[in-house]
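Down below is the structure, laid out as structure tokens.
The values are calculated or read from the model by the stated rules, or taken from the named source; none is laboratory data. The structure presented is a predicted model; accordingly, all values stated were derived computationally and were not measured. Quick reminder, even Gly has a Cβ in these numbers, built from the backbone with ideal geometry, and neighbours come from all protein chains shown. Each accessible area value is taken on the protein alone, full model and side chains, heavy atoms only, with ligands, DNA and RNA left out. Shrake-Rupley method; radii C 1.70, N 1.55, O 1.52, S 1.80 Å.
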Amino acid sequence: MAESWSFLDTPEPNFRPLVVIELAKGTNEETIKWLTKRIVDKKANGGAQLLVKPVVMENGDENIYLVGASHLRLLLGAETVGLVKECHDNSMRTFTYSSRKTFKDFADDNHNFLTTAECQYIIKHELENLRAKDEKMIPGYPQAKLYPGKSIVRRLLTSGILVQIFPLHDREELKKLSHSWYGQVKVRYQPLDEIRCYFGETVALYFGFLEYFTFALIPMAVIGIPYYVFAWEDYDKYVMFATFNLLWSTVILEVWKRICAVVTYHWGTLLMKRQFEEPRPGFHGVLGVNPITGREEPVYSSIKRQIRIYLVSLPFVCLCLYFSLYVMMIYFDLEQWALDYHEENETNFSSLMLFVPSIIYAVVIEIMNRIYRYAAEFLTSWENHRLESSYQNHLILKVLVFNFLNCFASLFYIAFVLFDMKLLRQSLATLLITSQILNQFAESLLPYWLQKRHNKRMKKRMSSLKTDMDLSLVEQVNLEKEMGTYFGTFDDYLELFLQFGYVSLFSCVYPLAAVFAVLNNVTEMYSDALKMCRVYKRPFAEPTANIGVWQLAFETMSVISVVTNCILIGMSPQVNALFPESKMNLVLTVALVEHFLLAIKFIMAFVIPDKPREIQIKLDKLEFESLEALKQQVRATDMYNNER
């Protein structure tokens, strides 16, 4: 591979802009020259060997740069990041430039061998791996210190010199994707392969899970409708429905693992080796030496981090949970007031007033969830986690605990303290429907409307701009740099997680929950697609083999649903009639049934393989071939050493 880099000396005739770099206004000229030189410099000299072109803005500033790469450079970059592509024999193998002819659809003149998402991911990887050599600081900014091995881009970001880096939309590709994705309103599968080629595996896998979860909800919805129509007040008949829900919640999650393995195998990410994680941009500490890489980097005491977590973050989270419970008790006071008002008046208006406390509480829950999210992000950042994965895990844990209590505490209280099934059904329906409406408005409709207004103003400004560069490209860069940033699939998975809780935890009380979830998810597919294509900047692709920690979160919710549904079944008059004399026998029987169902659940999870047999065979075959190749390499090295 080292010999291949020399071919990059040939200039690239056609510049294809892929990534946008925006520097702070008034950035020192010396800094700009140094940065652009490092980007275009040869790999042998510590550069990224990419292509850069400035964008002249309306005021003459050159603080925005377009970054691209030659076709050969991208192919060598694909080998560096370990992309996996399909071979002519239909197997999936890690791409290498030397064996490029063995890969399907490869041709020297085929610039579509790598998807645009893969090309932009390669450029991002190369930019992030631009490292300081002997520089002690960013030229022109003595306060921005550097040390050998420090990522230049990360230092520029933390110093405020670099405002943002984002991938540029491909207007033609986006137009085709938009048409096939949400341009036509009809029942069909989502174009997951096209989504993956444009936005990357992480986004495509979320939409795949959303689609799968929606289809998985249909049996629950179909069974729930007759239960709602014919047995609304007869909770005894919901025993079979609750039992079906317990098996359903286990099966769908195990089947998803298998579907996910098949999809990610064909995308190549199931085989990709995990990249060594670099410190997050926000991580800070005393300069030390990494014992693994041997490079100098910030070092922060784990003891100090644990002190921050357990003495500050944990008490704060507990305080927020207490406040959430306090708000819940205010909600029950409002419920009692509305009930008293209805009993005094008994009019249509008073009947409507019965739903007002639940609606207000649902709105307050959404507001509290969003405020707490900002607090959780601040606290997790302040804890100073070294790795992005560690940061995300701690953030997800904080947010999930609070959201779970905030959304479901009132339902648990109504079910197991007040024993009011009618109020539980009413509260569950109101919370579910209100939260879905608010999420659709806040996440898609409002941002889309604001972005559309901004685009109109920007186009009027750009029409008077005189520049030698392609006006459509300048306009595109100006529009996209002002778009909101898509911060990943966290909020999207969180919404599905809470919806799964509403459907599974108290399904025997409100069977229509699955129906509303299906309707919401169908509109969610279109609104999220619109959001990705029209509202936010294009995100960088992030290869992934599964939905990560969210799989564990959904499985945990399904375990809790077993417990809650067993208790609700045990509370039914029908079951109570079987134990007229001893409540202790009832409790022991419910506990025994609950343990039995949990045992079945875990046995099913164990029996159903995470990967289909054909995928596992292909993975084992690749592992065997890799070991054999390694043995041959060792033998060849030994023979060479013996001959010497």
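Summary of computed values
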| quantity | calculated |
| --- | --- |
| Hits in the range 89-132 (condition: of a type in the set (D, E, K, R) and in a helix (DSSP H, G or I)) | R100, K101, E118, K124, E126, E128 |
| In the range 551-565, the residues that are in contact (Cβ under 8 Å) with a residue 60 or more places away in the chain and not polar (S, T, N, Q) | A553, F554, E555, M557, V562 |
| From the options E524, E555, residue that is among the charged types (D, E, K, R) and either open to solvent by 10 Å² or more (accessible area, probe 1.4 Å) or outside the structural domain of I223 (by the TED database) (or both) | E555 |
| Selection status of S151, surrounded by fewer than 18 Cβ atoms within 10 Å (Cβ to Cβ) and polar (S, T, N, Q) | no |
| Residue within the range 514-527 that is within 17 Å of the chain's Cα centre (by Cα), among the hydrophobic types (A, V, I, L, M, F, W, C) and part of a helix (DSSP H, G or I) present | yes |
| The range 15-50, residues that are open to solvent by less than 40 Å² (accessible area, probe 1.4 Å) and at positive phi | G46, Q49 |
| Residue check, V299 open to solvent by less than 90 Å² (accessible area, probe 1.4 Å) and either under 18 Å from F412 (Cα atoms) or in contact with a Pro (Cβ under 7 Å, 6 or more places away or on another chain) (or both) | no |
| Lone qualifier among E79, E126, E86 - being open to solvent by less than 20 Å² (accessible area, probe 1.4 Å), charged (D, E, K, R) and either within 31 Å of the chain's Cα centre (by Cα) or modelled with pLDDT of 90 or more (or both) | E126 |
| Hits in the range 547-560 - residues which are at pLDDT 90 or above and outside any helix (DSSP H, G or I) | I547 |
| In the range 357-375, residue farthest from L423 (Cα to Cα) [restricted to those that are among the hydroxyl-bearing types (S, T, Y) and touching a residue at least 12 places away in the same chain (Cβ under 8 Å)] | Y372 |
| Qualifying residue in the range 561-581 (condition: surrounded by fewer than 19 Cβ atoms within 10 Å (Cβ to Cβ), under 18 Å from the mean Cα position of the chain (by Cα) and either assigned by the TED database to the domain that holds F230 or not in a helix (DSSP H, G or I) (or both)) | no |
